Amino acid sequence: MSRDDEWTVARYLATRLEQLGIRYLFGVPGDFLGPFLTIMQATTRVRWIGTPTEMGGGYAADAYARVRAADADPDKPEQGVGAVAVTYGVGAFSLLNTVGGAYVEDVPLIAINAAPSYEQWLNQQAVGLLTSHMSPRRESNLAVYRQVTVDAQVLSNPGLAPSQIDSAITACLTERKPVYLEVMEDLWHAPCEPPQGELRAHERPFTKRNEEMLAKAVEAAVELIDTFGTPIVWAGEELVRQRLEDELLEFVQTTRMQFCTTVGAKSVVSERHPLFAGVYNGKASLPEIRKTFKNAGCRIGLGTWSTSKNLGGEQSIGDDWIVAARDGVSVGARYFPEIRLGRFVPALRDALAGRTFPADHFALAHAAGLDVPASTADFLDSLSTDRYPEELTYDSFFEHVNFFLEHQATGGDPEAPSPFTVVSDAAFALLGSMNLRITERAGFLAQNSWLSIGYSVGAATGVALGRQQPMKRPLVFVGDGSFQEICQELSTQVRHHLRPVVFVLDNEGFYGIEQMLVSPCYYKEKPSDGADFYNVLHPWRYEKLAEVFGTDKDRMHGYELTTHAELDSLLLDIADPGNDVNHAPILARVRLSRHDYPRALQYKIDEKCT
């Protein structure tokens, strides 16, 4: 155990993690990593959360970083970082997928890879002796992580280790993306200098040239708005990552512009805001929301990442578009580089000072005598209903959950904070959950660009541990194929007495989204036996996993749901804080037809199967 006055590389790294506000380090241990964990436990408040899989540990760290960043003081971005640690080779390569996702989606993550000792590397170099998990290519681990991080370092010299650690963490804070630290085993106990000061992000300077470019971009944006009129805002992921929700609110409230969000920016602000017009997801949007978005005179994307999943094949940038993202602004066909989103939004707001652009398309259509809701808010309210068909379908399931979240989860008080953070997986689960009404900022979490199936189950661990004050239970929606990737992460949640509610959407053992993407005409006629063989899964009794992972001491509850009556009964129990079912994780298997699909994908069938 390290003495109070003794600084080692292990203590140095652990202390830097603690200074960032990290309270949990996730991952899978190994002999190369063990010494670090022992020293970390003895010298800091950072606690180890061992997970069954490296992917699960990575997903947990990713989600932990997201919710911590969302809940932190916007002026202290260093408080929103996650960390994960694994052992060299087999562990690092298993973790690579999750770090890749964090890189694509701008999640600050510190990946620690415990490597063989310097002595072992010299033996390999001299006589070709391979220690366990080693590759003959000495830089194999480093090389692959350089592709998915903004800084990747190998620590082999204790004298240089502090500066390498500080440099990598500073890059993580500045770029808001993952970094990689590969630490040779014999460094953990090696002496080094103590930390000096705290690490912070380094802001890019705002130069005279930047100021001139910003002014030109704003001028061009105002001209475009004047030309096309009736703008609508499309709020995107970078508003979430850069904590610019206040800037968004000031912009729309000052200009009275309606706004949609991308799926990745869902709940950037409360979806009860009177100017909120729904989630725009291209052709996969609800028809009413898509019509509102398309009927606007022009569109203003603020921090939006245009992916095939959130545009459904529709053009993202045209003559009537303004898009500010990735440190640049596009105005029609013109592009203005090196403009930070946090400066563009208030600058455009100020340039439009004194002007408002109210345009509730539902209200206009209603006033014209059409049989539509009187306002956008009325339409969004209509999505929450307590009337369902007897059979569970994707759409009726999420309508039921929507009613639960709006009217039952908070004890009937619409102003009360929600006890849940919704965590959605990819595919049908994401398309179904994107229209849930999330009334609290940052109340929805999903991996919208990388779309690694199974993310939600591991992420639930990070959400539960990252949101303990106040406590938020993860409400997870995951398809059966996604769940089979990573079901063992439930054991972490049982072990640490976390209380997620996990709904496994079981469409009779089927990769429904893959069938829809490859051959959507399977869904047109019922019944059909034309499913592609590779999309068929082995069926599991998912609810029985509660007996596998739960014990007499650490319980877990499993349910099988086949009707709305059964779903309603479970939701009412979950809404009751005093019900014993809420003292442990819940796993609910939702039985759906193999031929069912979310209506968001109807356009695929209409386009290809006429």
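Please treat every number below as a calculation from the coordinates, not as lab data. All of these numbers come straight from a predicted model, not from anything done at the bench. Reconstructed Cβ throughout: ideal geometry from the backbone, glycine too, with neighbour counts over all protein chains shown.
When the chain is fully extended, how far beyond the present Cα-Cα distance does residue 607 get from residue 356, taking 0.36 nm per residue of separation? List each step's numbers first, then the result.
Working: separation 251, 0.36 × 251 = 90.36 nm, distance 3.82 nm.
Computed gain between residue 607 and residue 356 is 86.5 nm.
Cα axis of helix 341-351 to longest principal axis of the chain: angle in degrees, 0 to 90, nearest 10?
The angle comes out at about 30 degrees.
What is the extension gain from residue 117 to residue 471, computed as 0.36 nm multiplied by their sequence separation minus the C-alpha to C-alpha distance, in nm to one decimal?
That pair, residue 117 and residue 471, stretches by 123.3 nm at full extension.
Give the cross-link partners of residue 544 among the lysines, using a straight C-alpha distance below 27 Å as the criterion and excluding same-chain residues fewer than 8 apart.
In chain and number order, the partners are 472, 553.
For every other residue with a beta carbon closer than 14 angstrom to the beta carbon of residue 403, add +1 if it is Lys or Arg and -1 if Asp or Glu, then tell me the sum. Walk me through the intermediate numbers first.
Values: positive: 387, 437; negative: 381, 386, 395, 399, 406, 568.
Net local charge, residue 403 excluded: -4.
Once amide H atoms are built 1.01 Å from N in the peptide plane, which residues 5 or more positions from residue 25, or in another chain, come under 5 Å H to H?
Long-range HN contacts for residue 25: 47, 48, 49.
Which entry in (1) 1.46; (2) 1.13; (3) 1.00 is this structure's computed Cα Rg over 2.2 N^0.38 Å?
(3)
What residue among 329, 513, 259 has its Cα farthest toward the positive end of the dipole of the chain, where the charges are +1 on Lys, Arg and -1 on Asp, Glu, each on the Cβ?
Farthest towards the positive end: 329.
Quick one: Debye curve from the alpha-carbon atoms of the range 165-250 only, equal weights, vacuum; give me log10 I(q)/I(0) at q = 0.11 Å⁻¹ to two decimals.
Result of the Debye calculation: -0.59.
Go ahead and estimate [θ] at 222 nm for the chain from helices alone: -39,500 (n - 2.57) per DSSP H run with n ≥ 4, summed, over the residue count, rounded to 500.
It lands at -11000 deg cm²/dmol.
How far is it, in nm, from the label point at residue 367 to the one at residue 518 when both lie 7 Å from their Cα along the line to the Cβ?
Result for the modelled spin labels: 5.1 nm.
Under the 0.36 nm per residue contour assumption, what length would be gained going from the current alpha-carbon distance of residue 536 and residue 143 to full extension?
Extending this stretch completely gives an extra 137.9 nm.
To test your reading of the geometry: what angle, between 0 and 90 degrees and rounded to tens, separates the Cα axis of helix 455-466 from the longest principal axis of the chain?
Relative to the chain, helix 455-466 is tipped by roughly 70 degrees.
For the range 30-75, with only Lys/Arg (+1) and Asp/Glu (-1) charged at the beta-carbon, what is the dipole magnitude about the Cα centre, in debye rounded to 20?
160 debye
From the square roots a ≥ b ≥ c of the eigenvalues of the alpha-carbon gyration tensor of the range 9-187, which class results: rounded (a/c under 1.5), prolate (a/b over b/c), or oblate?
prolate
Taking a cut-off of 26 Å between Cα atoms, list the lysines near residue 283, but don't count ones fewer than 8 places away on the same chain.
Partners within reach: 266, 291, 294, 309, 524, 526, 604, 608.
Computed FRET efficiency, Cβ-Cβ of residue 207 and residue 272, R0 35 Å: what is it to the nearest 0.05? All intermediate terms of the calculation are to be shown ahead of the outcome.
Numbers: r = 40 Å, r/R0 = 1.15.
For residue 207 and residue 272, the calculated efficiency is 0.30.
About the Cα centre of the range 383-608, what is the dipole size in debye to 20, counting +1 per Lys and Arg Cβ and -1 per Asp and Glu Cβ, all else neutral?
So the magnitude is around 580 debye.
Magnitude of the Cβ-charge dipole of the chain, K/R +1 and D/E -1, about the Cα centre, nearest 20 debye?
Once rounded to the nearest 20, the dipole reads 800 debye.
Counting alpha carbon pairs within less than 8 Å and at least 6 residues apart, what relative contact order, in whole percent, applies to the range 475-610?
It comes to 35 percent, rounded to a whole number.
Along the charge dipole of the chain, which of 556, 39, 89 sits closest to the positive end, that is, farthest toward it, with unit charges on the beta carbon of Lys, Arg, Asp and Glu (+1, +1, -1, -1)?
After comparing all options, I get 89.
Give the separation of the Cα centroids, the range 589-610 to the range 444-505, in Å.
If you average the Cα positions of each part, the centres end up 25 Å apart.
Based only on other Cβ atoms within 10 Å, what is the fewest-to-most ordering of 64, 145, 559?
Ranking 64, 145, 559 by Cβ neighbours within 10 Å, fewest first, gives 559, 145, 64.
What stretch of the chain, leaving out the sites themselves, is the longest with no GluC sites (Glu not before Pro) in a DSSP loop having at most 10 other Cβ atoms within 10 Å? Display every interim value, and only then the final one.
Details: sites that count: 198, 203, 390, 415, 525.
The longest uninterrupted stretch comes out as 1-197.
Please identify every one of the trypsin sites (Lys or Arg not before Pro) in the range 475-554 that sits in a loop by DSSP and has no more than 10 other beta carbons within 10 Å of its own beta carbon.
Passing sites in the range 475-554 are 553.
Go through the range 373-386 residue by residue and turn each phi into a ³J(HN,Hα) via Karplus (6.51, -1.76, 1.60, θ = phi - 60°); whole Hz please, and just put x for glycine and proline.
x, 6, 7, 4, 4, 5, 5, 5, 5, 5, 6, 9, 9, 10
Which value in nm describes the separation of the simple spin-label points at residue 196 and residue 48, placed 7 Å from the Cα toward the beta carbon?
Going from the residue 196 label point to the residue 48 one covers 3.2 nm.
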